[in-house]
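Right, one structure below, let's go through it.
No lab work stands behind these numbers, since they all come straight from the coordinates. Keep in mind the model is a prediction, meaning the values are calculated, not measured. A quick note on method: Cβ atoms are made from the backbone with ideal geometry, for glycine too, and the neighbour counts reach across all protein chains shown.
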Amino acid sequence: MIAVYYQIVRNEFQTLLRARWLIGYGLIFLLLTDTLFRFTGGGAEVLVSLSNVILLFIPLISMLYGILFIYQSRDYLELLLTQPVNRETLYWGLFTGISGPLTSAFLAGTTLPLIWHGNFSGEPAMQTVLVLGIGAILTFIFTGLGFVMGLAYYEEKIKGFGYSLMIWLFMAVIYDGLILLLIFLLGDYPIETGVVGLTMLNPIDLGRILILLEFDISALMGYTGAVFSQFLGSLKGMLTASFMLVLWLILPMWLGLRLFRKKDF
Amino acid sequence: MITIQQLQKSFGDHHVLRNIDLEIPTGQSIGIVGPNGSGKTTLIKTMLGLVKPDSGTITINNTVLNGNHIYRRDIGYMPQQARYPENMYATELFDFMENLRDQPGEFRNQLIEEFNLYSEVEKPLRVLSGGNRQKVGAVLAMMFNPSILFLDEPTAGLDPRSSYIFKERIRNEKRAGKTILITSHIMSELEQLVEHVVFILEGKIQYYGTIGDLLKDNRQDHLEGAIAQMMEGVEL
């Protein structure tokens with residue numbers, strides 16, 4: 001079982017490394033991070049700017065890549081499924097084989113400039129690790145969501161892509177605005193608990209909250225973040241948000257596994 | 001030995017397999033015929049565990065299928081369309097399958113030689129022609145020397161020479177005592193390769209028996225005529 005898993009992961013890694021775009025993906029992060037250092041002169045600003053990019057684009061790219069992989073590999077999946085291989089092992093092999101390299105490319109691209117600009121020593125080390133960790137977790141969550149969408153709309157690619165884009169647009173862009181609208185409309189009532197609850201339902205918002213609590217810059221990070229920090233305070237807020245993010249990490253993977261086990265290929 | 005009992009499968013409103021009962025003894029070669037969309041591929045996919053039946057049981061070599069996977073060691077499957085990861089080389093694909101199954105491909109080199117694939121296995125799979133990809137599929141299906149072969153329209157993309165070589169190979173597999181299931185629309189080909197036929201129409205088995213009996217019953221000389229007559233007969 002472990003041996004089979006290892007074979008599948010290794011094969012995905014090899015295939016992905018040969019497709020050069022993954023290296024390009026890492027290079028973009030490398031250039032971006034390095035440029036940010038040169039333009040802002042370093043410090044927390046670099047990390048905050050970087051995290052804005054991470055929160056917006058990692059979900060999009062991961063989800064599209066997840067769904068694209070499912071659509072592109074239908075015959076290959078069929079071939080693997082006709083081998084004496086357990087479906088669960090296959091699923092985990094494919095999932096880690098896809099999300100692992102994507103995460104590695106992101107981490108390699110960002111870590112290198114962060115090292116040579118000295119961000120891993122002294123005070124900013126913790127903050128750096130937090131920002132990169134959120135990027136990594138979001139990669140796993142949204143690759144998982146891509147898998148879920150690809151498996152749920154296996155025969156209807158246009159729908160699958162369309163709904164995936166809508167999910168991204170909703171979570172990354174619209175959600176914050178909707179909550180703002182809600183607060184604007186119902187501002188006279190004590191709705192903070194409700195707002196905090198709603199924030200929990202969006203992994204991108206959770207990432208945003210963690211970053212803002214760490215950097216203490218609510219004004220820069222959208223409205224939900226501000227409410228969250230006001231309501232929960234730093235430590236309690238961070239623990240709750242981290243816990244919810246871990247739940248979010250499990251949810252798409254588990255949904256994907258369920259779909260994969262029952263699916264007719 | 002393959003035993004299928006009361007197999008049912010629907011995709012939404014579409015009833016693809018209706019109460020299929022079938023028993024295929026070890027060593028029998030059998031052709032599955034029927035019009036497009038009659039459920040041939042679904043039947044094969046159900047036996048492979050790719051498609052989960054709504055009800056009914058399938059037993060293959062004494063294993064009752066219930067999401068288990070070990071039984072697939074005995075099965076070689078050649079799909080209708082052979083498409084593989086684009087950037088992979090055929091050799092890598094064969095290596096990968098060997099590692100995945102933790103089993104050497106006994107007939108790997110022999111098959112590559114027979115199908116004249118030597119120059120092709122060192123190219124990325126995406127540049128291979130449809131016919132050559134089909135041959136790669138044939139190598140994958142047979143290299144582990146499985147006791148059961150499922151071939152889904154195996155010669156559809158092959159040129160006459162390759163098709164001839166392929167059929168020779170199948171005859172050899174038959175002589176070696178393999179159980180062989182072939183779906184095909186080319187009746188003359190089935191006449192050369194199998195003794196038994198299953199005729200499926202709209203998910204139901206209309207006929208199962210030897211080709212000889214079928215010809216006698218329908219007073220025809222060729223399988224094509226007999227099957228055509230049966231299709232008409234059912235529609236009337």
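So for segment B:2-235: antiparallel DSSP bridges make up what percent, rounded to the nearest 5? Spell out each step's value before the answer.
Details: 21 of 38 bridges.
The answer is about 55 percent antiparallel.
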Listed residues A:26, A:90, A:241: farthest to the positive end of the dipole of chain A (Cβ charges): A:90
Residue A:156 versus residue B:232: modelled label distance in nm, points set 7 Å from Cα along the beta carbon direction: 4.2
Of all DSSP beta bridges located in the protein assembly as shown, what percent are antiparallel, nearest 5? 55
Which order do A:259, A:206 fall in if you start with the one that has the fewest other Cβ atoms within 10 Å? A:259, A:206
Determine, at each q value in 0.09, 0.10, 0.11, 0.14 (inverse angstroms), the log₁₀ of I(q)/I(0) that the Debye formula gives when each Cα of chain B is one equal point scatterer. -0.39, -0.48, -0.58, -0.94
Treating only Lys and Arg (+1) and Asp and Glu (-1) as charged, each at its beta carbon, one finds that the protein assembly as shown has a dipole about its Cα centre, in Debye to the nearest 20, of 380
Debye calculation, C-alpha points only, no solvent: report log10 I(q)/I(0) for segment A:2-262 at q = 0.09, 0.14 Å⁻¹, in the same order as the q values. -0.44, -1.00
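For B:45, B:174, which order do you get if you count the other beta carbons within 10 Å of each Cβ and list the fewest first? Let's see the in-between values first.
Working: B:45 23, B:174 18.
Neighbour counts put them in this order, fewest first: B:174, B:45.
Normalised by the residues of segment A:8-114, what does the relative contact order come to in percent, with Cα pairs under 8 Å and at least six apart?
Working: 64 pairs, mean separation 64.4, N = 107.
Result for segment A:8-114 is 60 percent.
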Counting only other chains, what is the mean number of Cβ atoms within 10 angstrom of the Cβ of each residue in peptide B:137-145? 1
So what's the back-of-envelope 222 nm ellipticity for chain A, counting only DSSP H runs of four-plus at -39500 (n - 2.57) apiece and dividing by all residues, rounded to 500? -28000 deg cm²/dmol
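Would you mind giving the mean number of other chain beta-carbons within 10 Å of the Cβ of each residue in B:82-91, as a whole number? The partial results should precede the final answer.
Working: counts 2, 7, 4, 11, 5, 6, 5, 0, 0, 0.
So the per-residue partner count for this stretch is 4.
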Relative to the first principal axis of the alpha-carbon coordinates of chain A, what is the inclination of helix A:21-40, with its axis defined by its Cα atoms, in degrees from 0 to 90 and to the nearest 10? 10
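If you put +1 on each Lys and Arg Cβ and -1 on each Asp and Glu Cβ, how big is the dipole of segment A:24-107 around its Cα centre, in Debye rounded to 20?
With Lys and Arg at +1 and Asp and Glu at -1, about 20 debye.
Please compute the contact order of segment A:2-262 in relative form: average sequence separation of alpha-carbon pairs under 8 Å and at least six residues apart, divided by the residue count, as a percent. Mind showing how you got there, number by number?
Details: 279 pairs, mean separation 65.1, N = 261.
Computed over segment A:2-262, the figure is 25 percent.
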Binned Cα-Cα distances of segment B:1-108, short to long, each 10 Å bin given as a whole percent: 11, 38, 33, 17, 1
Give, rounded to the nearest 20 debye, the magnitude of the charge dipole that segment B:176-227 has about its Cα centre when Lys and Arg contribute +1 at Cβ and Asp and Glu contribute -1 at Cβ. 160
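Ranked by Cβ crowding within 10 angstrom, fewest neighbours first, how are A:235, A:77 ordered? Write down the numbers at each step before the final one.
Details: A:235 9, A:77 20.
Lowest count first: A:235, A:77.
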Estimated inter-spin distance, residue B:26 and residue B:99, nm [label 7 Å along Cα→Cβ]: 3.4
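Relative contact order, percent, of chain B when contacts are C-alpha pairs under 8 Å separated by at least 6 residues?
Here the relative contact order equals 27 percent.
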Rounding to the nearest 10 and keeping the result within 0 to 90°, find how far the Cα-based axis of helix A:175-185 lies from the longest principal axis of chain A. 40
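What do you get for Rg/Rh over the protein assembly as shown if you use C-alpha atoms and the Kirkwood form of Rh?
On the way: Rg = 28.2 Å, Rh = 25.9 Å.
We get a ratio of 1.09 for the protein assembly as shown.
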Rounded Å value of the spacing that divides the Cα centres of segment A:119-141 and segment B:127-148: 47
